[in-house]
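The values are calculated or read from the model by the stated rules, or taken from the named source; none is laboratory data. Remember, it's a predicted structure, so these values are computed and weren't measured experimentally. A quick note on method: Cβ atoms are made from the backbone with ideal geometry, for glycine too, and the neighbour counts reach across all protein chains shown. Surface accessibility is based on the protein's heavy atoms, side chains included, excluding ligands, DNA and RNA. Shrake-Rupley method; radii C 1.70, N 1.55, O 1.52, S 1.80 Å.
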Amino acid sequence: MRILPRSAFGKTVFLIGLLLLINQLVSYFLVAVYVIQPTLQQTNHLIAKQIKVVFIDIGGEHGLLSEELTQKFQQATGIDVLTEAQALRQGLNNAIYYQYFSDEMSRELGGPAEVRIEQDQQFSFWVRPPQAPQYWIKVPLTGLNETDFSPLQIYILLIGFLSVAGGWWFARQLNRPLQQLQQAAIRVGRGDIPDPLPEEGSTEIIAVTRAFNHMANGIRQLEKDRSLLMAGVSHDLRTPLTRIRLASEMVSEQDSWIRDGIVSDIDDMNAIIDQFIDYIRHHKEETLAEENLNQLVQEQVEADRLQQRQISAELLDGLPLVPIRRIAIKRVLSNLIENALKYSEGAVEVRTGYEKNRQRVYLQVRDHGPGIPEDQMTRMFEPFTQGDTARGSAGSGLGLAIIKKIVDMHHGEIRLHNHAFGGLVATVYLPVRKVKPTA
């Protein structure tokens, strides 16, 4: 179990709180040593002097002042001299024994003394002096019971709250640019280049943000150059392919097999060029909209059934709407069904579902072909990768790479696994709630 925080924000707040706690403890220690302790010693010294006055030996009984002087002394100072029984009746049982005051009083009076403090209705010092252990001296401390410590408590709580709140605000301001950098880096990883981030915060964070913006601009320019290059290559390739196709139409009927072969090769080359263009296209021009995934699946399944193959659809009723780019997700489903039809002979199954605990829907396509070896499963989403030994080698190897790119753009997830009874299962998960990107 990890107790210490792991994020920079949590560590900063924890550090400030720890420093505040250490500061409070050190302050308490210094106040106790240099303020409270000398004050207590001085108070104890003054009380001891007053008690010594009671035991001035001028002929009184047991070394005490005479009864007349004792009464006058009591009226003037409020100090009472009481027997054990009298002391018990006046609240001695409510007084608490203090070892520190007892030791200090013993040192002042020159013998073993016992000190108790009563904090019930008023503050009173009860002292059993060594000169007359059978008596208790009650010294009232007027003024302490009227002391209100609530302002001090409020001050301590207020300082603590303001320190923690200030630390939280400071850490939040310090970590906000880092969070923006994190979100922007995630968007770059999905192929969505964000606008330049504001350069704010500490000098180190500003330097990192400036470097990130420079990198993002470079990636954006690289994407533009790649798109321009691919468009140029596509245009330059399609022009001679079109001429070759027109020329093939001039072939005589006796050599029709040659013409058909050329036309088939040209169609394959056009399909490969289309896949290259689809791979570099991010579908950004299409906006997100909440769609019914079941309706999209039904439309695509009906279109693909024209290939005279059995395609079954098992759709979950009450499927929640999901924010998607309709054309892009339709292409994902089309590519998955196309792969299933291409690499298998049996029926193709399409299924939709909903994971309520994770707030995401899924669509699943299963074929009854040979599947993909487990050791090749993780590589299938890389461009130009094919499961050659299991599923043939036709095509450019960009189909699953295009699918993964579109799914990542939707903050979704795609998984492949071999079915227990044969065939490959491709599952696409899409979040129900729209994920707001951080600019």
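General remarks:
- Efficiency of FRET between Y97 and F170 - r from beta-carbon atoms, R0 51 angstrom, step 0.05: 0.60
- V33/Q182 FRET efficiency (R0 56 Å; Cβ-Cβ; nearest 0.05): 0.70
- Accessible area, probe 1.4 Å, largest first, for residues V13, V208: V208, V13
- Working ranking of peptides 174-181, 221-228 by packing, defined as the average number of other Cβ atoms within 10 Å per residue, highest first, is 174-181, 221-228.
- Length gained when the stretch L40-H419 is fully extended (0.36 nm per residue, less Cα-Cα span): 128.2 nm
- Gained length - I327 relative to R107, 0.36 nm times residue gap less alpha-carbon distance: 69.8 nm
- A simple packing score, the average count of other Cβ atoms within 10 Å per residue, orders the peptides 417-427, 365-375, 197-207 as 365-375, 417-427, 197-207, with the highest score first.
- Highest-first arrangement of 314-326, 248-260, where packing means the average Cβ count within 10 Å: 314-326, 248-260
- Estimated distance in nm for a label pair at L246 and E345, the labels positioned 7 Å out from Cα along Cα-to-Cβ: 4.3 nm
- For the stretch 213-262, size of Cβ-based charge dipole, Lys and Arg +1, Asp and Glu -1, in debye: 340 debye
- Net charge of neighbours whose Cβ lies under 11 Å from the Cβ of L82, counting Lys and Arg as +1 and Asp and Glu as -1: +1
- Separation in nanometres of the label points that stand 7 Å from Cα toward Cβ, at L157 and R358: 4.6 nm
- Net charge over other residues, Cβ less than 12 angstrom from the Cβ of D195 (K, R count +1; D, E count -1): +1
- Residues of the stretch 320-347 with an amide N closer than 16 Å to a point placed 7 Å from the Cα of Q295 along the Cα-to-Cβ direction: 320-330.
- Solvent exposure, largest accessible area first (probe 1.4 Å, DNA, RNA and ligands not counted), of W126, W169: W169, W126
- Checked against a 31 Å cut-off, the cross-linked pairs K11/K224; K11/K405; K224/K342; K342/K405 give Cα-Cα distances beyond that limit for K11/K224; K11/K405; K224/K342.
- Inter-label distance for D375 and E200, nm, one decimal - labels placed 7 Å from Cα along Cα-to-Cβ: 5.4 nm
- Per-residue extension of 0.36 nm, minus the Cα-Cα distance of E223 and A85, leaves a gain of 39.8 nm for this segment.
- Rounded to whole Å, sorted largest first: equivalent-ellipsoid semi-axes of the stretch 158-270, Cα gyration tensor: 61, 14, 6
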